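Engineer: Take a look at the following structure, please.
The values are calculated or read from the model by the stated rules, or taken from the named source; none is laboratory data. This one's a predicted model, so the numbers in the text were calculated from it and none came from an experiment. Counting neighbours? That spans all protein chains shown, and the Cβs are built from the backbone with ideal geometry, glycine included.
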Amino acid sequence: MRLDKFIGHATDLTRSQIHQLIRQGAVAINHETARKAAQHIHTDDVVTVNSEVVQPLGVRYFMLNKPTGYVCANHDGEHPTVLDLLNEPNKSNLQIVGRLDIDTTGLVLLTDDGQWNHQVTSPRRECSKIYRVTTANAIDAHTADQFSKGLLLHGEKKPTQPAELQLLTSHSALLTIHEGKYHQIKRMFAAVGNQVVALHRERIGEILLDADLQPGEYRSLTAPEIASV
(Lines give C-alpha, C1' and ligand atoms only; values in the text may rest on other atoms or scores of the structure.)
Protein backbone atom coordinates (compact mmCIF):
# COMPACT_ATOMS: atom_id res chain seq x y z
CA MET A 1 0.00 0.00 0.00
CA ARG A 2 1.16 3.55 -0.70
CA LEU A 3 2.43 5.47 2.30
CA ASP A 4 -0.04 8.33 1.96
CA LYS A 5 -2.96 5.92 1.53
CA PHE A 6 -1.92 3.95 4.62
CA ILE A 7 -1.77 7.09 6.78
CA GLY A 8 -5.05 8.37 5.33
CA HIS A 9 -6.86 5.13 6.21
CA ALA A 10 -5.57 5.13 9.77
CA THR A 11 -6.00 8.82 10.63
CA ASP A 12 -8.21 11.83 9.92
CA LEU A 13 -5.40 13.61 8.07
CA THR A 14 -6.22 14.81 4.58
CA ARG A 15 -4.02 13.87 1.65
CA SER A 16 -2.64 17.42 1.42
CA GLN A 17 -1.79 17.38 5.14
CA ILE A 18 -0.04 14.02 4.74
CA HIS A 19 2.01 15.25 1.79
CA GLN A 20 3.00 18.37 3.73
CA LEU A 21 4.13 16.28 6.71
CA ILE A 22 6.21 14.09 4.40
CA ARG A 23 7.86 17.17 2.87
CA GLN A 24 8.60 18.44 6.39
CA GLY A 25 10.31 15.17 7.29
CA ALA A 26 7.74 14.37 9.98
CA VAL A 27 6.95 10.90 8.58
CA ALA A 28 9.24 7.92 9.05
CA ILE A 29 9.22 4.26 8.03
CA ASN A 30 11.15 1.97 10.36
CA HIS A 31 12.81 5.07 11.90
CA GLU A 32 14.02 6.35 8.52
CA THR A 33 12.57 9.61 7.23
CA ALA A 34 10.16 9.04 4.37
CA ARG A 35 10.60 11.21 1.28
CA LYS A 36 7.91 10.02 -1.13
CA ALA A 37 4.16 9.78 -0.60
CA ALA A 38 3.97 7.00 -3.16
CA GLN A 39 6.52 4.86 -1.35
CA HIS A 40 5.21 1.32 -0.88
CA ILE A 41 5.03 -0.04 2.66
CA HIS A 42 4.77 -3.62 3.88
CA THR A 43 2.61 -5.10 6.63
CA ASP A 44 5.52 -5.34 9.08
CA ASP A 45 6.75 -1.77 8.51
CA VAL A 46 6.45 0.71 11.39
CA VAL A 47 5.16 4.09 10.25
CA THR A 48 5.38 7.14 12.51
CA VAL A 49 4.05 10.68 12.18
CA ASN A 50 5.72 13.19 14.46
CA SER A 51 7.30 10.20 16.26
CA GLU A 52 3.89 8.64 17.01
CA VAL A 53 3.23 5.17 15.61
CA VAL A 54 0.37 4.99 13.12
CA GLN A 55 -1.70 1.90 13.84
CA PRO A 56 -3.52 0.39 10.86
CA LEU A 57 -7.26 0.23 11.29
CA GLY A 58 -8.79 -3.22 11.49
CA VAL A 59 -12.40 -3.96 10.69
CA ARG A 60 -14.58 -2.15 13.23
CA TYR A 61 -17.89 -3.07 14.84
CA PHE A 62 -19.70 -0.72 17.26
CA MET A 63 -22.97 -0.51 19.13
CA LEU A 64 -24.39 2.93 19.91
CA ASN A 65 -27.21 4.01 22.18
CA LYS A 66 -28.85 6.54 19.89
CA PRO A 67 -30.53 9.55 21.52
CA THR A 68 -33.34 11.55 19.95
CA GLY A 69 -32.44 14.37 17.60
CA TYR A 70 -29.82 12.46 15.61
CA VAL A 71 -30.32 11.02 12.14
CA CYS A 72 -28.90 7.73 10.91
CA ALA A 73 -26.96 9.11 7.98
CA ASN A 74 -23.35 9.78 7.10
CA HIS A 75 -24.14 13.38 6.15
CA ASP A 76 -27.13 15.63 6.76
CA GLY A 77 -27.48 19.34 6.14
CA GLU A 78 -30.09 19.99 8.83
CA HIS A 79 -29.51 17.60 11.74
CA PRO A 80 -26.57 16.05 13.59
CA THR A 81 -25.86 12.45 12.62
CA VAL A 82 -25.01 9.41 14.72
CA LEU A 83 -21.46 9.63 13.36
CA ASP A 84 -21.08 12.94 15.21
CA LEU A 85 -21.27 10.93 18.45
CA LEU A 86 -18.21 8.83 17.57
CA ASN A 87 -14.62 9.68 18.40
CA GLU A 88 -13.03 7.47 15.75
CA PRO A 89 -10.66 8.08 12.82
CA ASN A 90 -12.19 7.87 9.36
CA LYS A 91 -15.65 7.44 10.84
CA SER A 92 -17.17 8.49 7.52
CA ASN A 93 -16.22 5.02 6.24
CA LEU A 94 -18.55 3.36 8.75
CA GLN A 95 -21.86 1.96 7.56
CA ILE A 96 -24.99 2.33 9.66
CA VAL A 97 -26.56 -1.10 10.12
CA GLY A 98 -30.32 -0.71 10.39
CA ARG A 99 -31.38 2.91 10.59
CA LEU A 100 -33.66 4.58 13.14
CA ASP A 101 -35.86 7.65 12.74
CA ILE A 102 -34.70 10.92 14.26
CA ASP A 103 -37.11 10.55 17.19
CA THR A 104 -36.42 6.83 17.78
CA THR A 105 -33.82 5.85 20.36
CA GLY A 106 -31.77 2.79 21.18
CA LEU A 107 -29.51 0.27 19.52
CA VAL A 108 -27.67 1.23 16.35
CA LEU A 109 -24.88 -0.91 14.90
CA LEU A 110 -22.03 0.53 12.84
CA THR A 111 -19.29 -1.23 10.90
CA ASP A 112 -16.96 -0.94 7.93
CA ASP A 113 -17.52 -4.64 7.17
CA GLY A 114 -19.96 -4.53 4.26
CA GLN A 115 -20.57 -8.29 4.22
CA TRP A 116 -21.46 -8.31 7.93
CA ASN A 117 -23.80 -5.37 7.37
CA HIS A 118 -25.54 -7.31 4.60
CA GLN A 119 -25.95 -10.36 6.82
CA VAL A 120 -27.76 -8.24 9.40
CA THR A 121 -29.97 -6.26 7.03
CA SER A 122 -30.73 -8.71 4.21
CA PRO A 123 -34.51 -9.39 4.12
CA ARG A 124 -33.78 -13.04 3.37
CA ARG A 125 -32.18 -13.52 6.79
CA GLU A 126 -35.24 -12.08 8.60
CA CYS A 127 -33.07 -10.83 11.47
CA SER A 128 -35.35 -10.08 14.42
CA LYS A 129 -35.51 -6.62 15.99
CA ILE A 130 -37.08 -5.93 19.38
CA TYR A 131 -38.52 -2.51 20.20
CA ARG A 132 -40.05 -1.02 23.34
CA VAL A 133 -43.13 0.87 22.19
CA THR A 134 -45.13 3.50 24.07
CA THR A 135 -48.51 4.49 22.63
CA ALA A 136 -50.88 7.41 22.98
CA ASN A 137 -53.88 5.19 23.65
CA ALA A 138 -54.28 1.94 25.56
CA ILE A 139 -53.23 -1.03 23.44
CA ASP A 140 -56.28 -3.07 22.47
CA ALA A 141 -56.30 -6.70 23.59
CA HIS A 142 -56.71 -7.84 19.98
CA THR A 143 -53.65 -5.97 18.69
CA ALA A 144 -51.26 -8.84 19.41
CA ASP A 145 -53.43 -11.20 17.36
CA GLN A 146 -53.66 -8.71 14.49
CA PHE A 147 -49.89 -8.24 14.43
CA SER A 148 -49.28 -11.99 14.54
CA LYS A 149 -51.38 -12.45 11.40
CA GLY A 150 -49.76 -9.57 9.50
CA LEU A 151 -51.20 -6.23 8.43
CA LEU A 152 -51.59 -4.78 4.97
CA LEU A 153 -50.22 -1.27 5.40
CA HIS A 154 -51.26 1.66 3.24
CA GLY A 155 -49.31 1.72 -0.01
CA GLU A 156 -47.98 -1.83 0.38
CA LYS A 157 -48.79 -4.82 -1.84
CA LYS A 158 -47.95 -7.47 0.74
CA PRO A 159 -48.90 -7.67 4.42
CA THR A 160 -46.27 -7.38 7.09
CA GLN A 161 -44.61 -10.55 8.30
CA PRO A 162 -45.97 -11.99 11.54
CA ALA A 163 -44.84 -9.90 14.53
CA GLU A 164 -44.91 -10.69 18.23
CA LEU A 165 -46.38 -8.18 20.67
CA GLN A 166 -45.83 -8.58 24.42
CA LEU A 167 -47.85 -6.17 26.55
CA LEU A 168 -45.99 -4.51 29.42
CA THR A 169 -48.55 -1.96 30.58
CA SER A 170 -51.76 -0.58 29.12
CA HIS A 171 -49.75 1.84 26.97
CA SER A 172 -46.47 0.01 26.38
CA ALA A 173 -45.25 -3.24 24.87
CA LEU A 174 -42.29 -5.08 23.42
CA LEU A 175 -42.65 -5.67 19.69
CA THR A 176 -40.53 -8.13 17.72
CA ILE A 177 -40.43 -7.71 13.95
CA HIS A 178 -38.41 -9.53 11.29
CA GLU A 179 -38.31 -6.91 8.55
CA GLY A 180 -37.83 -3.17 8.23
CA LYS A 181 -40.39 -1.40 6.11
CA TYR A 182 -40.44 2.41 6.08
CA HIS A 183 -41.78 3.68 9.45
CA GLN A 184 -43.14 0.17 9.89
CA ILE A 185 -43.95 0.15 13.60
CA LYS A 186 -45.61 3.57 13.57
CA ARG A 187 -47.66 2.50 10.54
CA MET A 188 -48.63 -0.81 12.16
CA PHE A 189 -50.04 0.92 15.22
CA ALA A 190 -51.71 3.57 13.08
CA ALA A 191 -53.40 0.76 11.14
CA VAL A 192 -55.10 -0.43 14.36
CA GLY A 193 -56.11 3.07 15.44
CA ASN A 194 -53.28 3.91 17.80
CA GLN A 195 -50.25 6.22 17.76
CA VAL A 196 -46.65 5.59 18.76
CA VAL A 197 -45.32 8.34 21.05
CA ALA A 198 -41.98 6.75 21.93
CA LEU A 199 -39.93 4.00 20.28
CA HIS A 200 -36.73 2.42 21.56
CA ARG A 201 -34.82 -0.44 19.91
CA GLU A 202 -33.42 -2.91 22.43
CA ARG A 203 -32.10 -5.81 20.35
CA ILE A 204 -30.97 -6.76 16.84
CA GLY A 205 -30.70 -10.51 16.42
CA GLU A 206 -28.75 -11.74 19.45
CA ILE A 207 -27.12 -8.35 20.07
CA LEU A 208 -28.69 -6.61 23.07
CA LEU A 209 -28.14 -2.93 23.79
CA ASP A 210 -25.65 -2.63 26.65
CA ALA A 211 -27.48 -1.33 29.73
CA ASP A 212 -24.34 0.54 30.79
CA LEU A 213 -24.38 2.73 27.67
CA GLN A 214 -25.98 6.11 28.29
CA PRO A 215 -27.70 7.89 25.38
CA GLY A 216 -25.00 9.01 22.97
CA GLU A 217 -22.41 6.51 24.23
CA TYR A 218 -20.98 3.61 22.23
CA ARG A 219 -18.59 0.69 22.52
CA SER A 220 -16.96 -1.95 20.34
CA LEU A 221 -18.85 -5.20 19.89
CA THR A 222 -17.43 -8.28 21.57
CA ALA A 223 -16.24 -11.25 19.52
CA PRO A 224 -19.34 -13.34 20.46
CA GLU A 225 -21.62 -10.44 19.46
CA ILE A 226 -19.93 -10.14 16.08
CA ALA A 227 -20.07 -13.89 15.50
CA SER A 228 -23.75 -14.11 16.46
CA VAL A 229 -24.86 -12.60 13.15
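Engineer: From (1) within 30 Å of residue 83 (Cα to Cα); (2) not assigned by TED's automatic domain parsing to the domain that holds residue 88, pick out the condition that doesn't hold for residue 153.
Structural biologist: (1) is the only condition that residue 153 fails.
Engineer: What is the residue count in the range 212-229 for residues that are in a strand (DSSP E or B) and within 17 Å of residue 127 (Cα to Cα)? Break it down into steps so the answer makes sense when it comes.
Structural biologist: We begin by selecting, within the range 212-229, every residue in a strand (DSSP E or B); these are 218-220.
Okay, now just the ones that are also within 17 Å of residue 127 (Cα to Cα), so none.
Adding up the residues that qualify gives 0.
Engineer: For the range 132-160, how many residues meet the condition of being surrounded by 14 or more Cβ atoms within 10 Å (Cβ to Cβ) and either within 15 Å of residue 182 (Cβ to Cβ) or among the polar types (S, T, N, Q) (or both)? Break it down into steps so the answer makes sense when it comes.
Structural biologist: Let us first name the residues in the range 132-160 that are surrounded by 14 or more Cβ atoms within 10 Å (Cβ to Cβ), namely 132-135, 139, 143-144, 146-147, 150-151, 153, 160.
Pick out the ones that are also either within 15 Å of residue 182 (Cβ to Cβ) or among the polar types (S, T, N, Q) (or both) and you get 134-135, 143, 146, 151, 153, 160.
So the answer is 7.
Engineer: I'm told residue 47 meets every condition in (1) crowded, with 18+ Cβ neighbours inside 10 Å; (2) closer than 26 Å to residue 115 by Cβ; (3) not acidic (Asp, Glu) except one. Can you identify the failing condition by its number?
Structural biologist: Tallying (1) crowded, with 18+ Cβ neighbours inside 10 Å; (2) closer than 26 Å to residue 115 by Cβ; (3) not acidic (Asp, Glu), residue 47 fails exactly one: (2).
Residues are listed down the side, and each one gets a yes or a no for (1) within 17 Å of residue 109 (Cβ to Cβ); (2) free of Cβ contacts under 8 Å to residues at least 40 places away in the same chain:
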residue	(1), (2)
126	yes, no
147	no, no
152	no, yes
180	yes, no
190	no, yes
205	yes, no
227	yes, yes
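Engineer: Right, here's the next one. So, of the residues in the range 11-48 that are among the charged types (D, E, K, R) and assigned to a helix (DSSP H, G or I), which turns out to be modelled with the lowest pLDDT?
Structural biologist: Step one: of the range 11-48, the residues among the charged types (D, E, K, R) are 12, 15, 23, 32, 35-36, 44-45.
Those still in the list that are assigned to a helix (DSSP H, G or I) too: 15, 23.
On the way: 15: 91, 23: 94.
The qualifying residue modelled with the lowest pLDDT is 15.
Engineer: A further question follows. When the residues of the range 164-211 are filtered to those that are among the hydrophobic types (A, V, I, L, M, F, W, C) and part of a loop (DSSP other than H, G, I, E, B), which remaining residue is farthest from residue 227 (Cα to Cα)?
Structural biologist: Initial filter on the range 164-211 (among the hydrophobic types (A, V, I, L, M, F, W, C)): 165, 167-168, 173-175, 177, 185, 188-192, 196-199, 204, 207-209, 211.
Applying the additional criterion that residues be part of a loop (DSSP other than H, G, I, E, B) yields 192, 209, 211.
Details: 192: 38, 209: 16, 211: 20 Å.
Restricting to residues being among the hydrophobic types (A, V, I, L, M, F, W, C) and part of a loop (DSSP other than H, G, I, E, B), the top hit is 192.
Engineer: A follow-up question, please. In the range 176-198, which residues are touching a helix residue (DSSP H, G or I) at 6+ places or on another chain (Cβ under 6 Å) and surrounded by 18 or more Cβ atoms within 10 Å (Cβ to Cβ)?
Structural biologist: 196
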